[in-house]
Amino acid sequence: MKKIAIIGSKKSGKTSIAEILISHFAKRGLAIGTIKHIHHADFTIDREGSDTWRHKRAGAKFVAYFSPSEAGMMLKVSGEPKSIEEALRFMDWLKLDLLVIEGFHRLIAKRSDVGKIIAFKDFVDLEERLKGTEQPIIALCTFNEDLERREDRSLEFLVLPRDEDKLIKALEAFMDSP
């Protein structure tokens, strides 16, 4: 399983990049999974009063649900994962070709087994994201077309959606690498 992380500040386009990549590689028939970091301490996908919410409230540590069109699992945790391995253990049995990680910058920044795509809003934002982020960096991406007008082009970056094909090619090259 190849692992890539899309890292960037809030509203930098991380989810849009994830959608582009997931859509492309799913159409090619790859099994894709995602992990999304959510910063809100009180976030839950469940809703108050539902049967699954009542199960958790009663003390269940693990709740699974199945419907005709979806299945899901909820696990009560005592905090965020301390390592990416802790989060990946939940994915082992899925036999994925590609895992797209959105967020978790501090957990993956120094990992050489995770390709990184950095989403940024402006050059100050990009410099902040690059600090402490080690290779492999697959691409630097922005949705801000005004950044092209900068004379200092010391860092090559992609402007989306125009350069979507270049992003796909860069990820394909990463996936083909040993």
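Remarks
- Scanning region 19-60 for residues that are exposed (fewer than 10 other Cβ atoms within 10 Å of the Cβ), at negative phi and at pLDDT below 85 yields His39, His40, Ala41, Asp42, Phe43, Ile45, Arg47.
- Condition check for Pro161: modelled with pLDDT of 90 or more and part of a loop (DSSP other than H, G, I, E, B): yes
- Under the condition of being of a type in the set (Gly, Ala, Ser) and either assigned to a loop (DSSP other than H, G, I, E, B) or within 21 Å of Ile108 (Cα to Cα) (or both), the residues counted in region 66-82 number 4.
- Conditions (1) among the acidic types (Asp, Glu); (2) within 23 Å of Lys3 (Cβ to Cβ); (3) surrounded by 12 or more Cβ atoms within 10 Å (Cβ to Cβ): number failed by Asp113: (3)
- Cβ pairs under 6 Å, 6+ apart, first in region 28-42 and within 19 Å of Ile6 (Cα to Cα), second of a type in the set (Gly, Ala, Ser) and outside any loop (DSSP other than H, G, I, E, B): Ile32/Ala26; Ile35/Ala87
- Flag: Asp146 does not match the condition of being modelled with pLDDT of 90 or more and either assigned by TED's automatic domain parsing to the domain that holds Lys27 or under 21 Å from His24 (Cβ atoms) (or both).
- Some residue of region 101-109 being acidic (Asp, Glu), assigned by TED's automatic domain parsing to the domain that holds Ile6, within 17 Å of the chain's Cα centre (by Cα) and surrounded by 18 or more Cβ atoms within 10 Å (Cβ to Cβ): yes
- Within region 83-109, tally of residues that are of a type outside the set (D, E, K, R), part of a loop (DSSP other than H, G, I, E, B) and modelled with pLDDT under 80: 2
- Of all positions in region 110-118, none carries a residue that is farther than 23 Å from Ile168 by Cβ, among the basic types (Lys, Arg), modelled with pLDDT under 85 and in a loop (DSSP other than H, G, I, E, B).
- Only a single item in (1) assigned by TED's automatic domain parsing to the domain that holds Val114; (2) in contact with a strand residue (DSSP E or B) (Cβ under 9 Å, 6 or more places away or on another chain) is not met by His24, and it is number (2).
The values are calculated or read from the model by the stated rules, or taken from the named source; none is laboratory data. Quick caveat, the model's predicted, so the values are computed rather than measured. Note that we place each Cβ from the backbone using ideal geometry, even for glycine, and neighbour counts take in every protein chain shown.
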